[in-house]
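Working notes, beginning with the structure itself.
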Amino acid sequence: MSFIEIILLAISLSMDSMAVSVTGGAVINKCTAGNIFKIAAVMGAFQGGMTLLGYLAGMGFASYIEAFDHWIAFFLLLYLGGKMVYDSFCKEEEACKADPLHNKVLVGLAVATSIDALAVGVSLALLDSSIFLQATTIGIITFGLSGLGVYFGNRVGGKVNLRLDLIGGIILIAISCKILLEHTLLS
């Protein structure tokens with residue numbers, strides 16, 4: 001796999017993380033460099049880490065992982081998206097919003113958006129390719145795009161007064177349905 005192909009793969013894998021980061025940036029009150037770094041670092045680490053984990057698992061268990069990875073992604077994204085939609089309708093805004101800086105929420109979002117990277121890692125194991133370069137590139141690009149997403153979401157979301165938490169929740173639910181359809185009905 002050429003380096004350009006690795007970069008294109010990394011960009012495509014990081015789109016879900018970037019979309020979630022935009023929403024996260026819109027709902028956090030204080031957008032500091034530390035908060036941007038925290039969200040971006042967790043998103044990047046999980047995207048690269050899940051690619052590596054998928055590769056390692058794919059070395060011997062590819063058929064088992066491919067059989068249910070879409071269900072894990074579906075339920076995680078559906079739950080998190082549903083929670084974001086629910087939170088967007090809460091009357092006590094501060095009390096019920098899912099805080100993307102809270103470790104449990106952030107890890108849940110990172111896992112949900114990196115399930116595709118797990119599947120890609122399994123595929124890369126079948127190709128017998130250089131996984132450390134690929135996983136590192138995927139992690140770095142996801143880190144950068146997620147950081148930009150948080151910054152953009154915070155700057156635009158607050159000024160335009162969009163309901164990005166609702167939109168983000170709907171996007172997560174749509175992504176979950178797309179993953180399930182791709183792996184069940186359309187395969």
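Some values worked out for this structure:
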read-out	value
Test: Ala73 is modelled with pLDDT of 90 or more and either assigned to a helix (DSSP H, G or I) or open to solvent by 70 Å² or more (accessible area, probe 1.4 Å) (or both)	no
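Quick grid of which residues meet (1) crowded, with 24+ Cβ neighbours inside 10 Å; (2) assigned to a loop (DSSP other than H, G, I, E, B); (3) at pLDDT 85 or above:
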residue	(1), (2), (3)
Ile6	no, no, yes
Ser21	yes, no, yes
Ala26	yes, no, no
Phe37	no, no, yes
Gly48	yes, no, yes
Leu53	no, no, yes
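The values are calculated or read from the model by the stated rules, or taken from the named source; none is laboratory data. Treat the numbers as computed from the prediction; the structure is a model and nothing was measured. A quick note on method: Cβ atoms are made from the backbone with ideal geometry, for glycine too, and the neighbour counts reach across all protein chains shown. Surface areas here come from the heavy atoms of the whole protein model, side chains and all, with no ligands, DNA or RNA. Shrake-Rupley method; radii C 1.70, N 1.55, O 1.52, S 1.80 Å.
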